[in-house]
1. Keeping to segment 108-123, report how many residues are buried (at least 17 other Cβ atoms within 10 Å of the Cβ), more than 11 Å from the ligand (Cβ to nearest atom) and over 14 Å from the mean Cα position of the chain (by Cα).
2. As an exercise: evaluate His38 against (1) part of a helix (DSSP H, G or I); (2) surrounded by 18 or more Cβ atoms within 10 Å (Cβ to Cβ); (3) within 15 Å of the ligand (Cβ to nearest atom) and give the number of the one condition it does not meet.
3. Please find, among Gly93, Gly66, the residue that is among the small types (Gly, Ala, Ser), part of a loop (DSSP other than H, G, I, E, B), under 28 Å from Arg217 (Cα atoms) and modelled with pLDDT of 95 or more.
4. I want to confirm something. Restricting to segment 72-96 and keeping residues that are free of Cβ contacts under 8 Å to residues at least 40 places away in the same chain and away from the ligand (no atom under 12 Å from the Cβ), which single residue is farthest from Pro14 (Cα to Cα)?
5. Which count do you get for residues in segment 55-71 that are more than 12 Å from the ligand (Cβ to nearest atom) and within 20 Å of Gly215 (Cβ to Cβ)?
6. Could you run through segment 160-198 and say how many residues are over 26 Å from His24 (Cα atoms), part of a helix (DSSP H, G or I) and touching a residue at least 24 places away in the same chain (Cβ under 8 Å)?
Amino acid sequence: MHDTARHFLFWNRPMLTLVIGDKHLSSWSLRPWILLRHLDLPFREVALQLDTPQFASAIRQYSASGRVPALIDGDTHVWDSLAIMEYLHEKSGARAWPADPAQRAHARSISAEMHSDFSALREHWPMQAASILPNVALPPAGLKDVARIDELWQDCRRRYAARGPWLFGDYSAADAMYAPVVLRFHTYGATLSDAATAYVTQVLGDAALGEWIAGARDELSR
Ligand SMILES: N[C@@H](CCC(=O)N[C@@H](CS)C(=O)NCC(=O)O)C(=O)O
């Protein structure tokens with residue numbers, strides 16, 4: 001394709017829009033946001049402050065579920081973090097999940113488990129991206145969630161460490177799904193295995209996550 005034609009097509013493509021909540025609090029919003037960054041897909045960000053009358057009136061134009069995140073691609077509206085990640089997999093030329101079918105099934109399984117489970121962890125250690133709160137105890141059900149996540153991460157690192165530092169070697173939607181969990185473990189000071197601790201260090205060093213946390217700090221300073 002001639003360069004001018006390529007340039008025309010690029011600039012006339014509708015820009016993806018991601019509607020998110022507060023960066024300090026909205027763990028579901030962080031997942032597709034950080035995946036978009038890692039896939040290098042340009043997008044416009046619409047930030048709505050949770051628990052305000054403005055949120056309730058504004059979100060309906062983007063998402064019938066009334067919740068964030070929501071992705072808008074021209075006439076296509078996608079809601080719910082997992083559905084958005086699947087849409088981004090298609091949109092990016094199948095780059096969001098591992099290429100190998102068995103690894104892809106594994107990555108989807110641990111991501112679905114995160115999406116539908118770990119309610120005690122979510123309830124007692126809500127994401128507060130810009131805070132450090134070391135004295136919040138977890139009940140036994142929450143400790144069980146932490147142990148299960150530690151086990152999942154150790155298993156991934158044991159199998160795929162040779163391919164790279166992320167859960168499946170290269171960055172994938174599974175890392176995006178667990179990014180808010182890493183922030184929770186960091187905020188509240190979870191006790192983890194060596195392999196899980198090394199994974200937390202890897203994620204906390206991610207520039208995209210650093211950008212999100214800086215946004216969360218900005219929100220708190222307003
Ligand atoms: N299952 C949904 C959960 C989305 C969700 O609970 N979003 C919260 C913010 S993190 C929200 O929009 N809360 C506002 C409300 O329910 O009014 C997903 O995966 O996207």
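1. Of the residues in that region, 3 qualify.
2. (3)
3. Selected residue: Gly66, the only one of Gly93, Gly66 that is among the small types (Gly, Ala, Ser), part of a loop (DSSP other than H, G, I, E, B), under 28 Å from Arg217 (Cα atoms) and modelled with pLDDT of 95 or more.
4. Ala94
5. Of the residues in segment 55-71, 0 are more than 12 Å from the ligand (Cβ to nearest atom) and within 20 Å of Gly215 (Cβ to Cβ).
6. 2
The values are calculated or read from the model by the stated rules, or taken from the named source; none is laboratory data. Every value quoted in this text rests on a predicted model; they were computed, and no experiment measured them. Cβ: placed from backbone, ideal geometry, glycine included. Neighbour counts: every protein chain shown.
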